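Novice: I'd like to ask you about the structure that follows.
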Amino acid sequence: MTGRTSLTIVLAAGEGTRMRSSTPKVLHQVAGQSLLAHVLGAAPAGEGASLAVVVGPDHQPVAEEAKRARPDAATYIQHERLGTGHAVLAAREAIAKGADDLLIAFGDTPLISAETFARLRAPLEAGAALAVLGFRAGDPTGYGRLLVEGNQLTAIREHADATPAERRIDLCNAGLMAFDGKTALAIIEKIGNANGKSEFYLTDAVEVVRAMGLQATVIETGEDEVRGINTKAQLAEAEQIMQARLRKAALDAGVTIVAPETVFLAADTTFGKDVTLEHYVVIGPGVSIADGAVIHAFSHLVQAAIGKKASIGPYARLRPGTMVGEGARIGNFVETKAAILEAGVKVNHLTYIGDTHIGAGANIGAGTITCNYDGFNKHKTLIGAGAFVGSNSSLVAPVNIGAGAYIGSGSVITRDVPDDALAFERSPVVVKDGWAKRFRDEKAAAKKLK
Ligand code: UD1
Ligand code: MG
């Protein structure tokens with residue numbers, strides 16, 4: 001942009017009752033990130049850009065999420081829910097600071113992009129007092145209709161107040177607006193509540209602008225970008241659209257995705273070069289995958305950092321705090337949590353690794369369990385570089401297995417094992433020659449007599 005300063009106000013004081021949920025609407029997630037965080041991520045940021053979020057009176061979690069997603073956000077409380085025009089004025093103090101551009105966005109439109117925010121600001125530079133984002137709705141029911149004469153926007157008519165002829169208009173108000181900062185506050189303060197709902201409609205700003213002899217205009221975008229979320233069905237639709245976008249972005253960045261329609265990504269997933277994702281991989285928030293790593297089919301990853309050329313799955317579950325070193329391998333039916341696996345570690349089958357640090361090159365046999373929880377506290381397991389843990393061992397934490405140590409299969413290890421030592425724990429093996437045959441013969445004979 002052109003060095004104009006901006007204030008973006010995101011309205012998030014809605015109750016979202018149609019979600020039928022005790023979670024505030026804007027905290028529902030799309031691609032592992034709250035609706036609000038998506039909008040805040042698209043809003044202008046950096047030098048000259050300030051941000052305000054309007055939240056409901058008992059919505060502390062919404063205010064916290066705003067701060068988490070954008071630490072520069074100021075939050076304002078709308079004490080009574082009297083409409084979108086009223087909500088904007090909850091942030092009057094921020095508006096009064098007089099940014100060049102005032103942008104208003106809704107917290108429930110997670111698919112909005114940064115480019116669209118920029119596009120909407122352009123008409124202000126050309127002298128418009130207000131630019132409204134419009135779209136052609138497949139089904140316009142419920143949306144405000146944009147009344148246009150030539151290239152001028154003359155009014156926005158809310159669905160409830162529209163005449164039958166106006167209801168046939170499919171050009172709708174997306175909710176995103178940009179005001180020239182010089183006149184914004186004067187315009188919004190003039191909005192009244194003389195409508196069917198006695199609400200202060202932000203949309204009435206258009207008629208105020210016209211009455212002041214100023215200009216309002218429309219910038220159009222596609223419907224998918226401005227879908228508002230009011231129901232769980234709409235949330236699921238938005239997820240689909242977002243997943244399609246994320247898959248395309250990953251493919252464009254060079255990730256090999258064998259069956260993109262089966263793979264789910266998070267908004268913050270990062271990829272190195274030559275990464276492969278096989279079928280049915282699900283990636284939650286906080287995952288990074290470095291160059292050359294392969295995530296095999298049916299794996300589930302959340303908050304995990306995958307090193308270069310590592311191999312994960314098929315059927316692996318990587319939970320928060322997992323770090324997999326270069327060339328390490330995690331195989332089928334392995335679960336990890338708060339686990340650091342250094343380079344070249346192998347955990348190939350049927351294993352739980354929790355609260356554990358494994359040194360480079362160690363080999364963890366099939367069925368190994370780190371027993372990290374005693375019902376009250378979690379404890380750590382440390383396994384040194386090059387150690388070999390035999391199959392079906394239980395490592396009862398807190399416990400240290402030294403570098404290069406060897407654990408015999410089937411052991412329950414309850415105390416520390418020094419470097420290069422052998423530790424095992426098992427009963428003697430009893431072998432009775434011919435016993436099985438005698439047993440079978442006796443049983444078979446007894447059955448025949450019956
Ligand atoms: C609004 C628009 C409509 C537009 C549609 C697009 C108005 C009057 N109507 O209708 O023209 O087509 O969005 O999705 O603006 N909010 C508050 N405080 C309030 C009221 C609302 O913070 O007092 C917030 C909500 O949390 C929501 C946003 O403002 O994020 C929009 O409110 P909502 O009730 O969803 O408006 P719509 O009826 O969808
Ligand atoms: Mg809405």
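Novice: Looking at Thr276, Thr262, which is the one that is of a type in the set (Ser, Thr, Tyr) and more than 23 Å from Asn348 (Cβ to Cβ)? Can you show your working first?
Specialist: Details: Thr276 fails: more than 23 Å from Asn348 (Cβ to Cβ).
Only one candidate passes the filter, namely Thr262.
Novice: A further question on this structure: Working carefully through the options Leu35, Leu89, find the one that is within 14 Å of ligand 1 (Cβ to nearest atom) and either acidic (Asp, Glu) or closer than 30 Å to Leu301 by Cα (or both). Outline the logic, then answer.
Specialist: Values: Leu89 fails: either acidic (Asp, Glu) or closer than 30 Å to Leu301 by Cα (or both).
Leu35 is the lone residue from the list that is within 14 Å of ligand 1 (Cβ to nearest atom) and either acidic (Asp, Glu) or closer than 30 Å to Leu301 by Cα (or both).
Novice: All but one of (1) surrounded by fewer than 19 Cβ atoms within 10 Å (Cβ to Cβ); (2) part of a loop (DSSP other than H, G, I, E, B); (3) within 16 Å of ligand 1 (Cβ to nearest atom) hold for Pro61; state the number of the condition that does not hold.
Specialist: That leaves (2) as the condition not met.
Novice: Checking Ala343 against (1) touching a residue at least 24 places away in the same chain (Cβ under 8 Å); (2) among the hydrophobic types (A, V, I, L, M, F, W, C); (3) open to solvent by 40 Å² or more (accessible area, probe 1.4 Å); (4) within 16 Å of ligand 2 (Cβ to nearest atom), which test does it fail?
Specialist: Checking Ala343 against (1) touching a residue at least 24 places away in the same chain (Cβ under 8 Å); (2) among the hydrophobic types (A, V, I, L, M, F, W, C); (3) open to solvent by 40 Å² or more (accessible area, probe 1.4 Å); (4) within 16 Å of ligand 2 (Cβ to nearest atom), the one that fails is (4).
Novice: State the number of residues belonging to the range 214-250 that are away from ligand 1 (no atom under 13 Å from the Cβ) and among the acidic types (Asp, Glu). Even if it seems obvious, please write down each step before you answer.
Specialist: As a first pass, look at the range 214-250 and keep what is away from ligand 1 (no atom under 13 Å from the Cβ): 214-217, 219-220, 222, 224, 232-233, 235-237, 239-250.
Subsequent filtering for residues that are among the acidic types (Asp, Glu) retains 220, 224, 237, 239.
Number satisfying all stated conditions: 4.
Novice: Can you tell me which residue in the range 166-194 is nearest to Leu120 (Cα to Cα), limited to those that are open to solvent by 60 Å² or more (accessible area, probe 1.4 Å) and more than 13 Å from ligand 1 (Cβ to nearest atom)?
Specialist: Lys182
Novice: Restricting attention to the range 250-265, which residues are open to solvent by 60 Å² or more (accessible area, probe 1.4 Å) and either among the aliphatic types (A, V, I, L, M) or outside the structural domain of Tyr280 (by TED's automatic domain parsing) (or both)? Working first, answer last.
Specialist: Within the range 250-265, the subset open to solvent by 60 Å² or more (accessible area, probe 1.4 Å) is 251-253, 256, 258, 261, 264.
Leu251, Ala253, Val258 - these are the residues of the range 250-265 that are open to solvent by 60 Å² or more (accessible area, probe 1.4 Å) and either among the aliphatic types (A, V, I, L, M) or outside the structural domain of Tyr280 (by TED's automatic domain parsing) (or both).
Novice: Pull up the range 136-152, narrow it to residues that are under 29 Å from Thr5 (Cα atoms) and surrounded by fewer than 23 Cβ atoms within 10 Å (Cβ to Cβ), then point me to the one that is nearest to ligand 2 (Cβ to nearest atom).
Specialist: We begin by selecting, within the range 136-152, every residue under 29 Å from Thr5 (Cα atoms); these are 144, 146, 148, 151-152.
Checking the rest, the ones that are also surrounded by fewer than 23 Cβ atoms within 10 Å (Cβ to Cβ) come to 148, 151-152.
Details: Val148: 22, Asn151: 27, Gln152: 26 Å.
Here the answer is Val148.
Novice: Further question on the same structure: From the list Gly85, Gly16, pick out the single residue that is at pLDDT below 95, open to solvent by less than 20 Å² (accessible area, probe 1.4 Å), over 28 Å from Ala249 (Cβ atoms) and within 16 Å of ligand 2 (Cβ to nearest atom).
Specialist: On the way: Gly85 fails: at pLDDT below 95.
Answer to the selection: Gly16.
Novice: If you check Ala253, Ala233, which single one turns out to be farther than 17 Å from Gly313 by Cα and away from ligand 2 (no atom under 16 Å from the Cβ)?
Specialist: Numbers: Ala233 fails: away from ligand 2 (no atom under 16 Å from the Cβ).
So the residue among Ala253, Ala233 that is farther than 17 Å from Gly313 by Cα and away from ligand 2 (no atom under 16 Å from the Cβ) is Ala253.
Novice: Go over the candidates Asp101, Asp58 one by one and state the one that is modelled with pLDDT under 95 and in the same structural domain as Val30 (by TED's automatic domain parsing).
Specialist: Working: Asp101 fails: modelled with pLDDT under 95.
One residue alone meets the criteria, Asp58.
Novice: Then there is this: With the requirement that a residue be hydrophobic (A, V, I, L, M, F, W, C) and farther than 29 Å from Asn392 by Cβ, what does the range 412-450 give you? Step through it out loud before you land on a result.
Specialist: Going through the range 412-450, the residues hydrophobic (A, V, I, L, M, F, W, C) turn out to be 412-413, 417, 421-424, 429-431, 435-436, 439, 444-446, 449.
Listed by number, the residues that qualify are Ala444, Ala445, Ala446, Leu449.
Novice: For Gly321, state whether it is in the same structural domain as Asn400 (by TED's automatic domain parsing) and either closer than 27 Å to Pro110 by Cα or touching a residue at least 24 places away in the same chain (Cβ under 8 Å) (or both).
Specialist: It is false that Gly321 is in the same structural domain as Asn400 (by TED's automatic domain parsing) and either closer than 27 Å to Pro110 by Cα or touching a residue at least 24 places away in the same chain (Cβ under 8 Å) (or both).
Novice: Is it fair to say Gly354 is small (Gly, Ala, Ser) and assigned to a loop (DSSP other than H, G, I, E, B)?
Specialist: Spelling it out, it is not the case that Gly354 is small (Gly, Ala, Ser) and assigned to a loop (DSSP other than H, G, I, E, B).
Novice: Considering only the range 73-152, give the strands (runs of 3 or more DSSP E) lying wholly within it that have at least 1 residues that are farther than 20 Å from Arg210 by Cα, among the small types (Gly, Ala, Ser) and within 30 Å of the chain's Cα centre (by Cα).
Specialist: Output list reads 73-77, 101-106.
Novice: Can you pull out the residues in the range 406-442 that are open to solvent by less than 40 Å² (accessible area, probe 1.4 Å) and assigned to a loop (DSSP other than H, G, I, E, B)? Lay out the reasoning, then the answer.
Specialist: Restricting attention to the range 406-442, the residues satisfying the condition of being open to solvent by less than 40 Å² (accessible area, probe 1.4 Å) are 407-408, 410-411, 413, 417, 421, 423.
Answer for the range 406-442, where residues must be open to solvent by less than 40 Å² (accessible area, probe 1.4 Å) and assigned to a loop (DSSP other than H, G, I, E, B): Gly408, Gly410, Ser411, Ala421.
Novice: Can you tell me how many residues in the range 108-131 are in contact with a His (Cβ under 9 Å, 6 or more places away or on another chain) and either more than 16 Å from ligand 1 (Cβ to nearest atom) or open to solvent by less than 10 Å² (accessible area, probe 1.4 Å) (or both)?
Specialist: 2
Novice: Now a separate question. Here are some residues: Ala360, Ala403. Which one is more than 13 Å from Val347 (Cα to Cα) and assigned to a loop (DSSP other than H, G, I, E, B)?
Specialist: Working: Ala360 fails: more than 13 Å from Val347 (Cα to Cα).
None of the others qualify; the one that does is Ala403.
Novice: Here's a follow-up. Going by the conditions given, is Leu102 open to solvent by less than 30 Å² (accessible area, probe 1.4 Å), in contact with a strand residue (DSSP E or B) (Cβ under 9 Å, 6 or more places away or on another chain) and within 16 Å of ligand 2 (Cβ to nearest atom)? Let's see the steps before the verdict.
Specialist: Working: open to solvent by less than 30 Å² (accessible area, probe 1.4 Å): yes; in contact with a strand residue (DSSP E or B) (Cβ under 9 Å, 6 or more places away or on another chain): yes; within 16 Å of ligand 2 (Cβ to nearest atom): no.
No.
Novice: Check every one of the helices (runs of 4 or more DSSP H) wholly within the range 157-256 and list those with 3 or more residues that are among the β-branched types (Val, Ile, Thr). Before the answer, list the steps.
Specialist: Details: elements: 164-167, 184-189, 205-211, 232-252.
It comes to 205-211.
The values are calculated or read from the model by the stated rules, or taken from the named source; none is laboratory data. Everything quoted here is computed from the prediction, not taken from an experiment. We place every Cβ from the backbone using ideal geometry, glycine too, and count neighbours over all the protein chains shown. For the accessible areas, the whole protein counts, side chains as well, though only heavy atoms, and no ligand, DNA or RNA atoms are used. Shrake-Rupley method; radii C 1.70, N 1.55, O 1.52, S 1.80 Å.
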